[in-house]
Structure formats: structure tokens, C-alpha cells
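The values are calculated or read from the model by the stated rules, or taken from the named source; none is laboratory data. Worth saying up front: this structure is predicted, and the values here are computed from it rather than measured. Quick reminder, even Gly has a Cβ in these numbers, built from the backbone with ideal geometry, and neighbours come from all protein chains shown. Only protein heavy atoms, including side chains, enter the accessible area calculation; ligands, DNA and RNA are left aside. Shrake-Rupley method; radii C 1.70, N 1.55, O 1.52, S 1.80 Å.
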Amino acid sequence: MTLSKNYTPSEVENKLYKFWEESGFFKGKVNPEKEPYSIVIPPPNVTGMLTMGHILNNTIQDILIRYHRMKGFESCWVPGTDHASIATEAKVTKMLKDEGIDKFEIGREKFLEHAQIWKEKYGGIIIKQLRSLGASCDWERERFTMDDEYYKSVIDTFVDLYNEGKIYKGLRMVNWCPVSKSAISDEEVIFQEVQGKLWHFKYPMKDSNEFVTVATTRPETMLGDTAVAVNPEDERYKDIVGKKVILPIVGREIEVIADDYVQMEFGTGVVKITPAHDVNDNEIGQRHNLEFINILNEDASLNRNVPEEFIGLDRYEARKLVVKKFEELGFLEKVEDYTNKVGYSERGNVPIEPFMSEQWFMKMEELAKPAIEAVQNGEVKFYPQHWEKTYFHWMENIKDWCISRQLWWGHRIPVWTCEETGEQKAFKTNPNENSEIQGTWKQDEDVLDTWASSWLWSYAVWDTEEERKYFHPTNSLVTGPDIIFFWVARMIIASKHFLNEIPFENVYFTGIIRDEKGRKMSKSLGNSPNPLDVIDEYGADALRFTVTRLSPLGQDILYSNDKCELGKNFANKIWNAARFLLMHKDRIGESAEFSSIKITQLEDKWILSRLESTIKNVEESIKEFKFVDGIRSCYEFIWNDFCDWYVEMIKIRLYDEENPKNAKEALAVAIEVFDSAMRILHPFMPFITEEIWQNIRPRKEGESITVAEFPAFKDDLVEAKVEDSMEEFKNVITAVRTIRGEYKIAPSKNVDVILKTDSVSLKENETFLKSLAKIGNLTLDSDVTKPRHSASKFAQNIEVFVLLEGLIDFGQEKEKIQKEIDRLSSQLKGVEKKLANEKFVNSAPAKVVENERNKLSDWTQKVEKLKENLAALD
């Protein structure tokens, strides 16, 4: 059993993942003898590629699933992808256009054939990429939201809700995306701050020389105005309420109405009302029974309800022409710069248009109530808990859900109209293929909103009813807070309504990965690294370690690739520790049986106690979704306790040729502890732990750490007194080593040390202490005063004196220290002068000033320390 000199992730990762997959370790099945633990992956878009956000999300899911698998749960992690109606249709449409094919010319069926071919060829790449991360999904269960069985579940759900009276069609104002030419939900609208203009237009009063002035950020919409409004309490305009104004350019007479919505202090106190193209105007229009004039086509060009010269113009071209016309008419009063929040289509990345459209809606108020109760009563728990407030606010003010989209790729709405009678019904299967149903039926052209299919994900992914009852409700959902409304809330709604049970017990909301400047990572900013490139450079384990260590519960993460160096260094440290143990195993032969050893050595008791404390900390952190605490505990135990201290401590015994039994026992304890450490670390860093675990002890063919037992916490091995004694021991060694470093005492030279203490533990382990700290003569005396020509440090409450006589040239050392004091004191004067200059402090960049203040603090401390060292030599 050997390990190569250096750890090369690429040589290990592909080999091990293939072994895991072929061995079937990731498969979950109904097993009445085991408790289930299940997770369903938030299905990424079938068009998607791996991002750093996916890395964080799926690393956390994998930590949970690997931990529970090792704890003996029947663990099942279901992967899959979402058909992503808008995104996929856009990509396929563009592909066809590049080939000179118009989707409307080939028609719906042909287009869907092309879409399916595209999906088979390019879709789902992201799922394959997740293997590079080590994601231990049950790949045989991979689902797609338009798989036949899943499609059927979506259609059946719609029909059941339709028959319950919870789905209806209505003419409503919706968010319209001119790119996808489809309605989109409120949650798919992203507001961006835009530096625009505020135009002030004059509308002439009928039969008068008077004008009213209105202000607008969207001049083109005035072509659809059907009123102007004032506040009924506004004394300035009481006399004109009920009168008419002439709409410029159009010539239409429109009424002056009074409505409480109008703010008297905004602008002139007069607002234009366009009921068909503004949400608030829409409500005013309904209250006052105004005419609704739609002036836009589906692509946001102007339709035939406008003057001829505007027909067919793009909305922004129409805007320019409207402004030009007002200027020519002398009706443009002024133009101001104006900062406005504009709603953009998340997928189309263009400003949306409020648009009157006939759409399908789902009544949500009654459906939401059980889902609100599920979180209120703790059936579903949120981590961090503060997201409950956001959830409740949205759910308690929920609006009916616009579930129809004007697309072809997706679940076609199963509402059919009889061509002979005009009757409209919802069917779970094609009525034209059922001989018992009379007439010829035509299906609705729209498809469902993507989220109206993925809201069934938690329970519709299971193959059989037996599986669903075993694995559902799932245990944990790991997702981003940006889809708390899109998906999390709606999954709770669906599961409570159709199954009368929750979809999951816990929801962990990850933070957002940002660059070091705090900007959200995106392709457009060029600040989002390709995770596969990062894995190639640092290894999957280093990346997993880094994103986990940087992500406190639910907080955003400031990431840069160079932070993966810490994970890479940790992997190398682990690898070298394993090689050290194997080297001694080869040298002294097989270690003793751990179970047969009587543990008497302080360092052995200490490392076993620290191991148990680490097991407890890691288990608690995973259960509480505090993954950063878990990986930190692993890191501190392996790097600090095991590698930096324990391995150094047992070297004395390992190299004791006169007592081979002692050496074998030391090695046995070390391997036992390291084996457990690898199993504790495995959920976080699966590849390197598997490779080492396979090699540090003989294994049977097919054995894997993936299904090995997670170390059980043994309370009886935790010895607080032993840990306290060892801390005392380590602090003394650290103090001696620090003094040696400060006075540049050669490592080969022993030093004489006096400890001001009567510690029994230190007395009992005096020989061990002398060996590790390279001490010649050691004296423990609780009444000692500081000896002449000695350096001192405190190791907590123990004062440590190192005698310097004969180790250094006092005259030369004093001269060297004095020179350094003088040099630093001179530099300090310059810094003090700078900071005393108010002009510098007030005008220099904050970072520069902070840097100077840090210099002042650091150099002052150094000078004080040097003076102490100088005094020790006098």
C-alpha cells in the first residue's frame, strides 16, 4: 500500500468516481429495515452550465447525503433538470434562425421535434458536470420535467385543480416580455435602476386656452390615454373635474377625473391615465369605468390603435416621435433627468410592458393557507430562520398566479374547446382519441409556466407509490433564497394540497457567491470563473472545502480562485500525514491491534479525546446546517491537533528502536485516529479521504469509505482534564519555541528553562516536555523570580524563563536590538507626523489612512517588544 509522493487530484478523482458509480453506492431503494434520508436536487435548467452557485448548492447537498449514508440511513439524492420553457425555446429559435428556419413557418409540431433533438444533444450537460464535483446522486433516477410520467403528473394536477374551480381564464394586466412574447410572473421581473428622463407634456383643455401639465417617463403610452386624474382634495383643480382635455397627436377627448390615488405633491398634481399599460392606471380605469385602449403588439411595437405614422414602430422609436411631435406642437414644457426603477424580464433582459392579456390563472388564497401553517407550526423549518418573515409576507399577500405562457416548449394547457358546441373542458388525455366523447375538440395553444410543473418535484420524481411513501416527505431542500416564492413556497402548497403532507422537513437557503468586490458573479461582468477550470487547477476537494469554509449560515460568500489554495494546502497536508504513517508502517511492520492497547500515554489520551470532541462538533454542525463549523472542526483537528502536535509527539516513540512494542502501539493509535479523521472529513472532501482510507489499512475488495460507518461519538473517551493538561503542555512548548525564534537560537542547541509553576501534569511529563522543546535543564518552581540574563513569556498563567547565558553574544545582540529600535522609532516619527496632519487624514483615501494607522500600531508594539528583549539582556 503506497501513496505517490505528491497528491494529484486528476489521477484520483475520475478513477474513484467511476468506482463509486459502478459499485452502486449511490443507489437508494425501499428498505423497511433502514430509516430513509432523501433529497431532491433543485433541477437546474436543461440549458444550464455549471456555475459557482451550483458548486456551493450541490456541495452542501452532497455533504448531507454522504453523512447520512455513512450513518446508516437509506440515502437517496434524486438528480434532474427543468425544461425551462423560455430559455430553451429562445435557444432553439435562435438555432433554427441561424439555419434560416422560421419557427412559425414550420409550425408547432416540427418546432417541438427540433427542440427535443436540441435537448438530447445539448441539454443536461450540467448534470454530467456535477460528477466532477463528486455529487453522489442516484443517477439512475435522473428526471426531466417533461419525461412522460412527469408530464402526466403535471397535466393531471392541472385538470384536478380546474375541476375544483381553482383555475380560470381572465383578461388581466400581466407582465409581458416582448422577447419571448409571453406573460411572465411578478417574480420573473427584475427591477433595475435606470437613468432616464421625465417629460412634462401640456394637454389643452377643451374649448379653452388653458392647459394641464402631466409628467411621464414613457411618452409613447400617451397614445393610449383615456383620462387625466387629480386628487379630489386638490383645491387647484376642483373646477376642472368632469371637464374634457384634448389628447395631443391623437385628438381624442378625454375626461378629467378625481381619484385618491393621485399624490397632490408629485409633479403638477395631474397624472395621465393609460388603463391598458400601467398597473395603477388599470385599477383607476376599473374604478371609473374608463376605456382600455391597447396600443402595443406582442413584440412591443405599436398596433393599429394609434395614428397611422406610429403603426409598426418599435416602442422606443415611437417614444422619440411622440416627444418630437409635442415639441413641434409647443406642448413640451420641460425635460428633466430622472432615476427610475424599471422592471426587466429575467430571461429576455429587456424592460417588460404592463399588458392586457387573456391568461390562465390559479386561485391562490385558499391553497396558500395550509402552506403558511406548515411553516408557522414548525413542520417545515427554514435555515436561516429569518427567511420565514419573507415567506409569510409573500404568502399572506399572495395574488392569483398567472400560469399560462405564450410558448410551444412546455406542458400544453389541457383545456379543450368543442368546435361544434363551444363547450370548454379540461381533459387528462386527448378527447379526440376517446370514442365516448362526442365532437371535435381543439386544445388551448398556451403552455404552463415552468414553475407550474416543478412545484410537484418533491413527490412526482418517485417511480412508484411505494417509493413515494417511503422517501417522501424528503428531509432537506438546499436552494437559493431567490426562488423562495417561485419554487419553495409553491412546492409546500402543492404537497399540502394533494398529499396533505409537507414536501420536506428542512430548507437551507445558501448565500450568494460574490467576487471580492462584493459583486454578484455573472458572465456579463466577467467575474465568474468556470468551476471545471478551478477543479482542474486545484482539485474538487479543494473547491468543496473552500466554498464550504467561506459560507456561514445563509450569508453571502466573497470568493476568488486563490482562496482555493487553502483547500489545496489542506489536501497536501493530509496526504503527507498519510504518507508519514505508511512510511513507518513499512519500516516497523504492521501496527499493534488498537483494541488490545492499554492507553496510558498523555498524548494518546489527548488525541483520542480531541477526536471525540471533533466527532461531536461535526455531527452537531451538520444537524444544525452550520457547515462552516463542521469543516473548521475537521481542519483544526487534522492540521493542528494531529499533524502539528500529535505526529511530532509520537516521533519519539516511533523511532525508539529499543522498544519496538512502544513504536507499534504509537502507530496503531495514530492509524486508528487518522482512519476516523478521514471518515469524519469524507462528506466534505470525498476523493482524497477515499484514496487515503483505501491505503492506510488492508481493505476487502469493493470496500469504500462512502458506505463505511461514520465514527460514533464515545463520551467516555472525552477527558477534559487531559485536554487541559495538554493545552498547558503545548503553551509552554510554544513559549519556549517563540523565545528561541526571537533570539535566533539554533534548533540544534538545548536551552535551560525555569517554569514558575507547581503543575503536577508538567512534572509527570517532564522528560517528554524536554524532548519536544529541546530543553537541557528544566526546573519547576512556583516561587522563582526572574533570573538574570533570561527571556520570559507567559504560557497562560505559567511564566516561562529561558536562560540565555552562553547561547548568545550579549553585547552584539544588544547592539542589534538597539539599531532596530532606532530604525523603527525613526519610521514611527514619520507615520505620527502624517497622521497628525489633518489635511492628509481628511483627503487621502480611507484605505491609505487605515494602512498608516496599522503601521503605527504594529511598529509601536514591535518597539515595546524589542525594549523588553533589551531589558532582558541588561
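Considering only protein heavy atoms, what per residue accessible area in square angstrom results for the range 595-753 with a 1.4 angstrom probe?
41
Taking only Cα atoms, what is the 0 to 90° angle, nearest 10, from helix 315-329's long axis to the longest principal axis of the chain?
60
At 37 °C and a viscosity of 0.692 mPa s, what translational diffusion coefficient does Stokes-Einstein give for the range 798-851, taking Rh as the Kirkwood radius over Cα pairs? Give it in µm²/s as a whole number.
Details: Rh = 14.6 Å.
Roughly 225 µm²/s, to the nearest whole number.
Going by average Cβ neighbours within 10 Å, how do the peptides 764-773, 260-269, 666-675 rank, with the highest at the top?
666-675, 764-773, 260-269
Number of Lys pairs in the range 264-391 with C-alpha atoms less than 16 angstrom apart, excluding same-chain neighbours closer than eight positions?
The result is 5.
In Å², and per residue, what accessible area does the range 346-471 have when probed at 1.4 Å with the other protein chains present?
48
Rounded to the nearest 5, what is the percent of antiparallel bridges among the DSSP beta bridges in the range 721-874?
Once the DSSP bridges in the range 721-874 are tallied, antiparallel ones form about 75 percent.
If DNA, RNA and ligands are ignored and the probe is 1.4 Å, what is the ranking of 736, 760 by accessible area, most exposed first?
760, 736
Just check the range 1-61 against the gyration tensor rule for me: Cα atoms, a ≥ b ≥ c as the square roots of the eigenvalues, rounded for a/c under 1.5, and otherwise prolate or oblate depending on whether a/b exceeds b/c.
Since a/c reaches 1.5 but b/c is at least a/b, the shape of the range 1-61 is classed as oblate.
For the range 447-516 and the range 804-865, what is the separation of their Cα centres, given in Å?
59
In terms of Cα to Cα distance under 19 Å, which lysines are near enough to residue 91, apart from those fewer than 8 places away along the same chain?
By straight Cα distance, residue 91 reaches 103, 110, 119, 121, 181, 523.
Please compute the contact order of the range 432-541 in relative form: average sequence separation of alpha-carbon pairs under 8 Å and at least six residues apart, divided by the residue count, as a percent. Let's see the in-between values first.
Details: 85 pairs, mean separation 24.4, N = 110.
RCO, the range 432-541: 22 percent.
If I ignore ligands, DNA and RNA and count only protein heavy atoms, how much of residue 783 is accessible to a 1.4 Å probe, in Å² to the nearest 10?
Here the residue's solvent-accessible area equals roughly 130 Å².
Among 819-831, 464-476, how do they line up by average Cβ neighbours within 10 Å per residue, starting with the highest?
Top to bottom by mean Cβ count within 10 Å: 464-476, 819-831.
Could you give the accessible area per residue of the range 95-249, probe 1.4 Å, as a whole number in Å²?
48
Between residue 425 and residue 517, how high is the FRET efficiency from 1/(1 + (r/R0)^6) when r is the Cβ-Cβ distance and R₀ = 45 Å? Nearest 0.05.
Working: r = 56 Å, r/R0 = 1.25.
That gives a FRET efficiency of 0.20.
Are there any GluC sites (Glu not before Pro) in the range 42-106 that are in a DSSP loop and have at most 12 other Cβ atoms within 10 Å? List them by number.
Filter output for the range 42-106: 99.
Under 17 Å from the Cα of residue 819, which aspartates and glutamates turn up, not counting those fewer than eight places away in the same chain?
742, 809, 864, 868, 874
Any idea what angle helix 540-549 forms with the longest principal axis of the chain, computed on alpha-carbon atoms, 0 to 90 degrees, nearest 10?
With rounding to tens, the tilt is 80 degrees.
Could you order 528, 85 by accessible surface area, starting with the largest, using a probe radius of 1.4 Å?
528, 85
Provide 339, 479 ordered by accessible surface of protein heavy atoms (probe 1.4 Å), highest first.
339, 479
Antiparallel DSSP bridges in the chain: what percent, to the nearest 5?
Of the beta bridges lying entirely in the chain, close to 70 percent run antiparallel.
Loop only by DSSP, 10 or fewer other Cβ within 10 Å of the Cβ. Give me the trypsin sites (Lys or Arg not before Pro) in the range 522-601 that pass, ordered by residue number.
523, 598
Specify, per residue and in Å³, the volume enclosed by the convex hull of the alpha carbon atoms belonging to the range 116-212.
It comes to 259 Å³ per residue, whole-number rounded.
Please work out how much length the chain gains when fully extended from residue 21 to residue 699, using 0.36 nm per residue of separation minus the C-alpha to C-alpha distance, in nm with one decimal.
Between residue 21 and residue 699, full extension yields an extra 242.2 nm.
Any idea what the relative contact order of the range 756-872 is, in percent, if you count C-alpha pairs under 8 Å spaced at least 6 apart?
Working: 81 pairs, mean separation 26.0, N = 117.
Relative contact order comes out at 22 percent.
Express in Å², to the nearest 10, the accessible area of residue 205 obtained by rolling a 1.4 Å probe over the protein heavy atoms while all chains stay in place.
Result for residue 205: roughly 20 Å² accessible.
How high is the relative contact order of the chain, given as a whole-number percent (alpha carbon pairs under 8 Å, six or more residues apart)?
RCO, the chain: 12 percent.
At 222 nm, what value in deg cm²/dmol follows for the chain if DSSP H runs of at least 4 each add -39500 (n - 2.57) and the sum is divided by all its residues, to the nearest 500?
Helices in the chain give a 222 nm mean residue ellipticity of -13500 deg cm²/dmol.
Rounded, prolate or oblate for the range 598-732? Axes are the square roots of the Cα gyration tensor eigenvalues, ordered a ≥ b ≥ c, and the cut-off for rounded is a/c under 1.5.
Numbers: a/c = 2.00, a/b = 1.20, b/c = 1.66.
Since a/c reaches 1.5 but b/c is at least a/b, the shape of the range 598-732 is classed as oblate.
How about the range 569-604: which GluC sites (Glu not before Pro) there lie in a loop by DSSP and see at most 16 other Cβ atoms within 10 Å? Walk me through the numbers before you get to the answer.
Numbers: sites: 590, 593, 603; in loops: 590, 593.
Taking the range 569-604 and a limit of 16 other Cβ atoms within 10 Å, the loop GluC sites (Glu not before Pro) found are 590, 593.
Rounded to the nearest 10 Å², what accessible area does residue 5 show when all protein chains are kept and the probe is 1.4 Å?
We get 150 Å² for residue 5.
Which entries in 730/763; 197/517; 128/469 show an alpha-carbon gap greater than 22 Å?
Beyond 22 Å: 197/517; 128/469.
Rounded to whole Å, give me the distance from the Cα center of the range 664-696 to that of the range 238-292.
75
Would you mind pulling out the separation of the Cα centroids of the range 334-358 and the range 520-563, in Å?
Rounded to whole Å, the Cα centres lie 33 Å apart.
Count charges around residue 178 for me, please; just the other residues with Cβ under 10 Å from its Cβ, Lys/Arg as +1, Asp/Glu as -1. Kindly include the intermediate steps, with their values, before the conclusion.
Values: positive: 181, 315; negative: 298, 299, 314, 353.
Here the count lands on -2.
Does the chain come out rounded, prolate or oblate by the C-alpha gyration tensor, with a ≥ b ≥ c the root eigenvalues, rounded set by a/c under 1.5 and, if not, prolate when a/b is larger than b/c and oblate if not?
oblate
At 1.4 Å probe size, with the rest of the protein present, what percent of the exposed accessible area of the chain is carbon and sulfur atoms?
Values: 18980 of 40950 Å².
For the chain, the apolar C and S fraction of the accessible surface comes to 46 percent.
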